[in-house]
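The values are calculated or read from the model by the stated rules, or taken from the named source; none is laboratory data. This one's a predicted model, so the numbers in the text were calculated from it and none came from an experiment. Positions of Cβ are backbone-derived with ideal geometry, glycine not excepted, and every protein chain shown enters the neighbour counts. Each accessible area value is taken on the protein alone, full model and side chains, heavy atoms only, with ligands, DNA and RNA left out. Shrake-Rupley method; radii C 1.70, N 1.55, O 1.52, S 1.80 Å.
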Amino acid sequence: MVPLEKISELSKEEVITFDAILVLGGDGTFLRAVPLAYTYDLPLIGVNLGNFGFLTEVSLEELPSLLSLIKKGKAKIQKRTLLEITYQNESFVALNEGAIMKGPLGKVIYLSLHIEGYHLTTIPGDGLIISTPTGSTAYNLSAGGPVIHPEAQVFVCTPICAFKINLRPFVIPDNFETVVILNKKGKGENEEVHLLIDGQINLVVQEDQPLRFKKAPKPLKIFTLPEKNYLKILKSKFNW
């Protein structure tokens with residue numbers, strides 16, 4: 001067993017001999033492991049040591065059963081769509097979302113939203129979330145977006161506190177490319193605008209520099225138990 005922070009020190013030939021990446025903790029810990037799992041095409045095992053985690057589905061008591069099924073080749077594998085986010089020639093992957101947000105000064109920002117090359121609208125407000133189905137129960141939900149089953153082939157665009165009442169969350173096919181451009185700010189304003197990727201990576205966004213969101217070339221694989229059911233998990237977490 002190799003600690004997560006040591007994986008990058010190994011050769012690719014060594015890493016691809018692993019069966020999976022084991023994550024013990026909550027959703028934040030799980031999200032930190034996603035880029036490595038994607039890079040090396042390794043499944044993740046999420047063991048929930050917290051309370052409300054959606055991503056870490058397996059309990060500590062269930063872990064031995066899951067490991068036994070993996071060894072026998074009988075474990076269930078979920079495939080989750082990832083976002084590929086490109087900014088200034090650098091690309092990142094996100095399991096939950098990319099969130100473009102205003103900085104600490106609290107001034108309104110203006111985001112130009114383009115879907116498949118078409119300028120749909122300009123969003124004035126606190127920002128915009130581009131979320132995967134998996135991320136629909138994260139920041140998207142807090143901002144008033146819908147809950148989406150993780151097998152749905154869609155992304156959702158959710159404005160954050162928009163200054164226009166007619167700007168609502170909306171769902172698009174996941175084969176569409178979304179481009180967001182920060183419009184020029186008012187004279188004398190120096191408000192920072194940030195791109196937060198899965199709550200892990202924070203970038204400062206410059207004016208007129210496009211942010212591109214599209215479906216990543218391959219999904220994230222997650223090992224889980226056959227009896228695990230997303231609807232049951234949803235019912236339990238939300239006390240429905």
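The numbered conditions (1) open to solvent by 80 Å² or more (accessible area, probe 1.4 Å); (2) within 24 Å of His119 (Cα to Cα) are all true for Glu227 except (2). Within region 60-75, the set of residues being within 27 Å of the chain's Cα centre (by Cα), touching a residue at least 40 places away in the same chain (Cβ under 8 Å) and under 17 Å from Ile21 (Cβ atoms) comprises Leu66, Ile70, Ala75. Pairing residues of region 139-152 that are farther than 15 Å from Met101 by Cβ with residues that are of a type in the set (A, V, I, L, M, F, W, C) and in a loop (DSSP other than H, G, I, E, B), at Cβ distances under 7 Å and at least 6 apart in sequence or on separate chains, gives Leu141/Val147. The single condition among (1) at pLDDT 95 or above; (2) part of a loop (DSSP other than H, G, I, E, B) that Leu196 does not meet is (2). Of all the criteria given as (1) in a helix (DSSP H, G or I); (2) touching an Asp or Glu at 6+ places or on another chain (Cβ under 9 Å); (3) surrounded by fewer than 16 Cβ atoms within 10 Å (Cβ to Cβ), the one not satisfied by Thr39 is (2).
Given Ser65, Ser112, which one is more than 30 Å from Ile160 (Cβ to Cβ) and either open to solvent by 60 Å² or more (accessible area, probe 1.4 Å) or part of a strand (DSSP E or B) (or both)? Before you say what the answer is, go through the steps one by one.
Details: Ser112 fails: more than 30 Å from Ile160 (Cβ to Cβ).
The unique qualifying residue is Ser65.
For the condition closer than 22 Å to Ile123 by Cβ, open to solvent by less than 60 Å² (accessible area, probe 1.4 Å), β-branched (Val, Ile, Thr) and touching a residue at least 24 places away in the same chain (Cβ under 8 Å), Thr178 qualifies.
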